[in-house]
Protein chains: 2
Amino acid sequence: MTTDLMPNRYRPGETELPSREAELIARRDSVLGASYRLQYRRPVHFVRGEGMWLYDPDGRAYLDFYNNVPSLGHCHPEVNAAMAEQAGRISANTRYLEPHLVDYAERLVETFPTEIDRVVFTCTGSESNDLALRIARYTSGNEGVIVSSYAYHGTSAAVAAVSPNLGDAVKFSPNARIVALPGPAGVPDSQAADFFESQVRAAIDDLNRRGIGVAALLFDSIFSSDGVWIDPPGFIAGGVQAVREAGGLVIADEVQPGFGRTGSHMWGFERHGIVPDLATLGKPMGNGFPIGAVVGRKGPMERFGAIARYSNTFAGNTVGIATADAVLTILQRDRIPENVLAMGQFLRDGLEQIASRQSGIRAIRNAGLFLGVDMGTGDASPTDRRKLALDVVNAMRDDGVLISTTGANEDTLKVRPPLICEADHVELFLAALERALAKVAVA
Amino acid sequence: MTTDLMPNRYRPGETELPSREAELIARRDSVLGASYRLQYRRPVHFVRGEGMWLYDPDGRAYLDFYNNVPSLGHCHPEVNAAMAEQAGRISANTRYLEPHLVDYAERLVETFPTEIDRVVFTCTGSESNDLALRIARYTSGNEGVIVSSYAYHGTSAAVAAVSPNLGDAVKFSPNARIVALPGPAGVPDSQAADFFESQVRAAIDDLNRRGIGVAALLFDSIFSSDGVWIDPPGFIAGGVQAVREAGGLVIADEVQPGFGRTGSHMWGFERHGIVPDLATLGKPMGNGFPIGAVVGRKGPMERFGAIARYSNTFAGNTVGIATADAVLTILQRDRIPENVLAMGQFLRDGLEQIASRQSGIRAIRNAGLFLGVDMGTGDASPTDRRKLALDVVNAMRDDGVLISTTGANEDTLKVRPPLICEADHVELFLAALERALAKVAVA
C-alpha cells in the first residue's frame with residue numbers, strides 16, 4: 001500500500017501556479033488548514049457547472065468523468081427546482097407529520113428486495129455507516145467488524161476506525177478484521193468465492209477466540225477503494241452466509257455503487273445475488289444535497305429503534321426529501337440505469353481498443369459506469385505504475401478531462417462519470433486518454 | 001432522571017386522531033419504524049411555514065416558539081434565494097478551488113476570538129462533535145471525555161456514547177465521566193465555580209488513576225439538555241483551567257447556543273469569559289440546510305489535519321456555503337443578536353409577571369432567546385411536576401403555540417423561538433401560557 005494516502009493532489013512548491021490561484025490557495029491554507037487537500041498537481045478552479053461539464057473562471061470547459069455525487073449531472077434544473085420549491089413552502093423536521101417524507105420513504109424501500117422494508121434517514125454516507133454499525137453492534141451483541149483490505153467507509157470516529165484506507169495515521173479498531181479480496185490476490189474466478197469465504201471464516205474465528213464476536217461484515221459491493229474489484233458476481237455469498245451463521249449482520253455500503261451506478265441493478269449488492277440486513281446510502285441520493293439513509297430488514301431496525309432515540313436534526317428534513325424524491329423520479333422515469341449499462345459497455349469497449357494498440361493499460365474492470373483501469377506495463381515496479389497513473393490523470397486534467405486514481409497502490413484510474421453521459425462524452429474521454437498515454441512516458 | 005426519554009410525544013392509542021393523521025401515522029410507522037417519534041400527544045401536521053408561523057393542512061396557524069434551526073424564521077426568502085442561485089451555478093466540493101468557500105471561512109472565524117482561526121466544515125452538529133472528539137483524542141493522546149449530567153451531543157456512535165441524556169439504552173462510554181452542575185444541585189452562585197471545578201478535578205483524577213487520561217471537557221455552554229443552566233457567567237472557568245492543566249482540550253458545543261441565540265454574544269462560551277480549543281457548530285448555521293463546522297485553535301487543528309485525511313463529501317459544498325453565508329450576513333446586517341437580547345428580556349419579564357399572579361412556575365432562566373421555565377409548585381413530586389409541564393406544553397399546542405420540555409426530570413419548559421421574534425409574538429406566547437396554566441390542574 002502506498003504511504004501517500006492521496007497521491008493525486010497539489011503539493012505546495014511542486015507546481016508554479018498563476019497568482020489568482022496561488023493567492024486563493026494561500027488564503028485557503030491559512031483558514032481551512034492541512035486537512036483540506038486539493039486534487040491534481042495543478043488544482044482546478046471552477047465557477048460554473050452544467051450537465052457533464054465544469055467551467056473555470058476563464059470559461060474553459062472540463063469534461064467531468066469523476067464526480068459520482070451529481071449523478072444526474074451538475075446543476076440539474078429539475079432537481080434544483082424541487083429543492084427550491086420545497087424550501088419556499090416548508091422545511092420541517094421528522095417530529096412533525098408531513099406526507100412527503102412518508103411517500104418518499106415508501107418509494108425508496110420499494111426499490112429494494114421485499115425483505116428490506118424500513119428506512120432511517122441521515123445526512124451523509126458516513127452517518128449512514130456509523131448508524132448501521134450501531135444497529136449491528138446493538139442487535140448482535142458483538143463488537144467485531146470485518147472489512148476489505150483497502151476499504152473506506154467514512155469520516156466518523158467509529159467508521160474511520162474500520163477504514164484501513166485511511167492508513168496508519170488513523171488508529172485501526174482492535175475490533176476490526178481485514179479480509180483480502182480474491183481479485184487483487186490473483187485468485188482465479190473459479191476459486192474466488194472459496195477464497196473470500198475462507199478469509200471471512202478466519203476473521204470470524206479470530207474475533208470469537210478473543211471474545212469480540214462478529215457484529216458485521218461491512219462491504220462496498222463494488223469494492224471501489226480497493227481498486228474496483230467487482231467480479232465474479234456472487235463471490236461474496238459464502239462469506240455473507242458465514243457471517244450470518246456467526247450471529248453478525250451483513251451491511252452493504254451502497255454509498256458508491258447505489259442508485260443505478262452499476263447499470264445492471266439499482267443496488268450493487270444485487271449483482272452478487274445476496275440480500276443484506278442493512279444497506280447504507282449517500283452520495284448521489286440528492287444529486288449533491290446532503291442526504292443519506294440506512295435501509296434494512298424490520299428485525300434489526302425495529303430492535304434498535306425501540307430502545308435508541310435516534311434523532312438527526314436535518315435528516316428527513318422536507319427539503320432533502322423533496323430533492324431526493326426528484327432524483328429518484330428522474331432515475332426511474334428516464335431509465336437512467338439502462339443508459340449506464342449501455343454507456344458502461346461502450347466505454348469499456350473503447351478502453352479495450354486503446355489497450356490493444358497502445359501500451360500502459362494492464363486491465364480494465366467495470367460495473368456500469370464505475371470503471372477501474374490498471375496502469376503500467378507488465379514488468380513495471382509499483383512506483384512506476386503509480387507514477388504512470390498519476391501522469392495520465394494529470395495530463396488528462398491539463399487536457400480538460402477529470403478522473404483520478406484508486407487501489408492499494410493508487411495505480412488504477414478511477415473513472416465514474418455522471419450517469420447521464422452520452423456516446424459523444426465517452427468518445428471525448430477516450431480520445432483524451434489516448435492522447436495522455438501517447439504523451440506521458442509509459443514505463 | 002425520568003426513564004421516558006422523550007415524554008412529550010405521541011403514543012399510539014393514547015389519543016384519538018382524525019383519520020387523515022391516523023392513516024399517515026400508520027404508513028409512517030410501517031416504513032420509518034420505531035426510532036421516529038412524533039412530538040405532542042396529538043402530533044402536529046404542517047404543510048407551510050413562514051417566519052414565526054407554521055400552518056396545518058386546514059390553514060390553522062401555529063406560533064413557533066420551539067424551533068432553533070430556522071433561527072431567521074421559516075422559509076427565509078433571502079436565504080433560499082442564495083441557496084437556489086448557487087445550486088443553479090455550481091455545487092462544487094472542497095477538492096476544487098472555489099473562492100466562496102474561503103471567503104465564508106474567513107468571515108466565520110472572524111466572529112471568534114483571535115486565538116480561534118481555523119475551520120473544518122461538516123454537515124451536522126453530530127459530525128462536528130464527532131470530529132472534535134477525534135481531534136482532542138489524537139492531539140492529547142488521551143481517551144477520557146468529561147460531560148455534564150444530562151448532556152446530549154449527538155447521534156454518531158462516539159458522540160452518543162458520551163451523551164448521558166440518551167439514557168441506559170445507549171451504552172455510556174467507559175472513558176466518559178459525568179460532572180454535576182451547580183444549579184440543579186442547589187449550590188448557591190457564590191460557590192458555583194468551586195463546585196464545578198471540584199467535580200471536574202475529581203473526574204480528571206479518576207480518569208488518570210485508570211490510565212485513561214483526559215482528552216476533552218465537552219460542554220454546551222448553556223447546558224440546554226440539563227435544563228438551561230446558564231448562571232452565574234464564568235462558573236465553568238476553573239474546570240476549564242483544570243482540564244487544560246491535565247493535558248485535555250476544551251470543546252464548546254455551540255450547536256444550540258451559537259449564532260447569536262444568547263443575544264449577549266455570538267457564541268455561548270463568551271458569556272463565561274473563556275476561549276475553548278475547539279467549538280462545534282450546527283443547527284442554525286444554514287437556517288435548515290445541513291451544514292456544521294469545527295472551528296478551533298491552529299495547534300490541534302493542524303496537528304490532526306496533517307495526519308488524518310478528513311474528506312467529507314458534502315461538507316463545504318458551495319451550496320451549503322452560500323446558504324450559510326446568507327445566514328451570517330443577515331445575522332450581522334440586521335443586528336439579530338440585539339433583537340435577541342431585547343426580546344429575551346421582554347419574554348423573561350412577561351414570564352415573571354405571570355409567575356407573580358399564577359402558581360405553577362418555580363423558576364425562570366434565560367440566556368437571550370433560550371429559556372428554561374421550571375414547572376410545579378414547591379411541594380409537588382417529580383412526577384407531578386413532569387405531568388404539569390407536559391400538560392402545559394400540550395395545552396399550548398392545542399392553542400396553537402409550539403414549545404417542549406427539557407431537564408433531568410423533563411419538568412422544565414424549553415422555549416426557544418426563532419431569533420426574529422417580535423414583541424407581538426412574545427405577547428401571543430405569554431397569553432397562551434397564561435391560558436394553559438389556568439386550564440391545566442396545577443399540582
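Quick note: the coordinates plus some simple rules give every number you see, no bench work behind them. Because the structure is a prediction, the values reported are computed rather than measured. Don't worry about glycine lacking a Cβ; one is built from the backbone with ideal geometry, like all the others, and counts go over all protein chains shown.
List of remarks:
- Rounded if a/c under 1.5, otherwise prolate or oblate - the stretch B:207-356, Cα gyration tensor axes: oblate
- Among A:Asp103, B:Asp130, the order by Cβ neighbours within 10 angstrom, fewest to most, reads A:Asp103, B:Asp130.
- Charging the Cβ of each Asp and Glu at -1 and of each Lys and Arg at +1, and nothing else, the dipole of chain A about its Cα centre rounds to 900 debye.
- Residues A:Met301, A:Met285 arranged by fewest to most Cβ contacts within 10 Å: A:Met301, A:Met285
- The charge dipole of the protein assembly as shown, taken about its Cα centre with unit charges on the Cβ of Lys, Arg, Asp and Glu (plus for the first two, minus for the last two), comes to roughly 1000 debye.
- Mean-position separation - Cα centroids, the stretch B:203-240 and the stretch A:247-283, in angstrom: 42
- If you model the stretch A:95-240 as an ellipsoid using its alpha carbon gyration tensor, with each semi-axis the square root of five times an eigenvalue, the axes come out at 28, 19, 15 Å, biggest first.
- Neighbour cut-off at most 15 other Cβ (10 Å), DSSP loop, GluC sites (Glu not before Pro), the stretch B:380-428: B:Glu422
- The stretch A:347-415-the stretch B:102-124 distance, computed between alpha-carbon centres (Å): 38
- Ranking of B:His74, A:His153 by count of other Cβ atoms within 10 Å, fewest first: B:His74, A:His153
- In sequence order, calculated HN-Hα J values of the stretch B:193-204 (Karplus, 6.51, -1.76, 1.60; Hz; x Gly/Pro): 5, 4, 4, 5, 4, 5, 4, 5, 5, 5, 5, 4
- Set A:Lys414/B:Lys298; A:Lys283/A:Lys387; A:Lys171/B:Lys298 screened for pairs whose C-alpha atoms are more than 27 Å apart: A:Lys414/B:Lys298; A:Lys283/A:Lys387
- Seen from every direction in turn and averaged, the convex hull around the alpha carbons of the stretch A:27-79 projects onto 4.9 nm².
- When chain A is reduced to its Cα atoms, the Kirkwood hydrodynamic radius in Å: 22.5
- For the stretch B:323-366, the fraction of C-alpha pairs more than 13 angstrom apart is 63%.
- Hull volume per residue, based on the alpha-carbon atoms of the protein assembly as shown and their convex hull, is 149 Å³.
- The stretch A:291-323 and the stretch B:32-79 have Cα centres lying 19 Å from one another.
- Residue with peak Gaussian network fluctuation, chain B [Cα springs, cutoff 10 Å], from B:Gly88, B:Gly268, B:Gly400: B:Gly88
- The amide H of B:Lys171, built 1.01 Å from its N in the peptide plane, has no neighbour under 5 Å, considering only residues 5 or more places off or on other chains.
- Interchain or long-range residues, amide H under 5 Å from A:Ile146's placed H: A:Arg177, A:Ala216, A:Leu217, A:Leu218
- Short to long, the 5 Å bins of the Cα pair-distance histogram for the stretch A:384-429 hold 5, 21, 27, 22, 16, 7, 2 percent of all pairs.
- Using only Cα coordinates, the Kirkwood hydrodynamic radius of the stretch B:77-333 works out to 18.5 Å.
- Beta bridges assigned by DSSP with both partners in the stretch A:77-333 are antiparallel in approximately 40 percent of cases.
- Evaluated at q = 0.13, 0.25 Å⁻¹: base-10 log I(q)/I(0), Debye formula over Cα of the stretch A:322-424: -0.53, -1.35
- Cut-off 10 Å between beta-carbons: net charge of the residues surrounding A:Tyr152, Lys and Arg +1, Asp and Glu -1: -2
- Averaged over peptide A:130-137, the number of partner chain Cβ atoms lying within 10 Å of each residue's Cβ comes to 3.
- More than 23 Å apart - percent of Cα-Cα pairs taken over the stretch A:27-132: 54
- Normalising by residue count, the stretch A:201-249 has a Cα convex hull of 80 Å³ per residue.
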